[in-house]
Amino acid sequence: MGRDRLYEKQTIGILGGMGPEATIECYKSIIDQTPADTDQEHLSIVIVNNPQIPDRTEAILYDGDSPVPALQDSARVLEGAGADFLIMPCNTAHHFVSEVEKAIEVPVLNMIETTVDQLEPGSTVGLLATMGTIKTGIYEKYSRERGNVDIVTPKERDQKIVMEVIYGEKGIKAGYKT
């Protein structure tokens, strides 16, 4: 069975809500990239949109509430609903992916690993992400393991601007649209 057909009959579980707009974009991207001529040719997808999952960056940087129990609960719901594998449209949540995997039997497709695997070997790429994602070094870790990409992150002053774009009053998480 070719890779294009690998997940054809399986159900995708989207562990979402971190933020809800990322969940919508993930779902829409799957629909847009599915070569379907009829409704019936689309993929089966189950979504848990749980915006009550504690903030991942807050947990990583400031010892805030751990998102792990809520991530695990949402993963169990998806598994119970028939998901054959899970995806999480949140970079920072991938810091906790091994804990999510311990709570379920189905695999979690790791967005960080998949992204790094798609980058051109020997290239240098810029990473714009939450301070939580940057502090964990998850992109750098996977890149080192594969030995293929140099990850560059913003200087402290510029990272503050990135965080404002993500978390600010007129930021992505506040629902601001340009």
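The values are calculated or read from the model by the stated rules, or taken from the named source; none is laboratory data. Computed from a predicted model, the values in this text were never measured in an experiment. Counting neighbours? That spans all protein chains shown, and the Cβs are built from the backbone with ideal geometry, glycine included. Note: areas computed on protein heavy atoms with side chains; ligands, DNA, RNA excluded. Shrake-Rupley method; radii C 1.70, N 1.55, O 1.52, S 1.80 Å.
In sequence order, region 26-39 has phi-based couplings of 4, 4, 5, 4, 4, 4, 5, 9, 8, x, 10, 9, 9, 3 Hz under the Karplus curve 6.51 cos²θ - 1.76 cosθ + 1.60, θ = phi - 60°, and Gly or Pro positions carry x.
Surface analysis of the chain yields an accessible area of 60 Å² per residue, using protein heavy atoms and a 1.4 Å probe. Given axes a ≥ b ≥ c from the Cα gyration tensor, I'd like to know whether region 34-138 is rounded (a/c under 1.5), prolate (a/b larger than b/c) or oblate. Cα axes put region 34-138 in the oblate bin. Between VAL77, PRO54, VAL165, the Cα set farthest toward the positive side of the dipole of the chain (charges on each charged residue's Cβ, about the Cα centre) is that of VAL165.
Please give me, ordered by residue number, the trypsin sites (Lys or Arg not before Pro) of region 1-104 that lie in loop per DSSP and have at most 16 other Cβ atoms within 10 Å. For trypsin sites (Lys or Arg not before Pro) across region 1-104 that sit outside H, G, I, E and B with at most 16 neighbouring Cβ atoms in 10 Å, the list reads LYS9. The coefficient of translational diffusion for region 32-73, derived via Stokes-Einstein from the alpha carbon Kirkwood radius under 4 °C and 1.567 mPa s, stands at 99 µm²/s. In the neighborhood of TYR139, defined by Cβ-to-Cβ distances under 14 Å, what is the net charge if each Lys or Arg adds +1 and each Asp or Glu adds -1? So the environment of TYR139 carries a net charge of -1. Placing dummy labels 7 Å off each Cα toward the beta-carbon, the span from ASN148 to GLU25 is 2.3 nm.
Label 7 Å along Cα→Cβ of GLN159; region 51-91 residues with amide nitrogen under 12 Å? Only 61 fall inside the zone, counting backbone N under 12 Å. Couplings 3J(HN,Hα) for region 76-84, derived from phi with the Karplus relation 6.51 cos²θ - 1.76 cosθ + 1.60 (θ = phi - 60°), are 5, 4, 4, 4, x, 7, x, 5, 8 Hz, where x marks Gly and Pro. Here the sum of -39500 (n - 2.57) over DSSP H runs of 4 or more residues, divided by the residues of the chain, equals -12500 deg cm²/dmol at 222 nm, to the nearest 500.
Only Cα pairs under 8 Å and 6+ residues apart enter the sum, and on that basis the relative contact order of region 15-111 stands at 30 percent. Each residue of region 130-145 is assigned a 3J(HN,Hα), and the resulting list reads 5, 4, x, 4, 5, 4, 5, x, 5, 5, 5, 4, 5, 5, 4, 4 Hz, derived from the Karplus form 6.51 cos²θ - 1.76 cosθ + 1.60 (θ = phi - 60°), x at Gly and Pro. Computed from Cα atoms, the angle from the helix 156-167 axis to the main principal axis of the chain rounds to 40 degrees.
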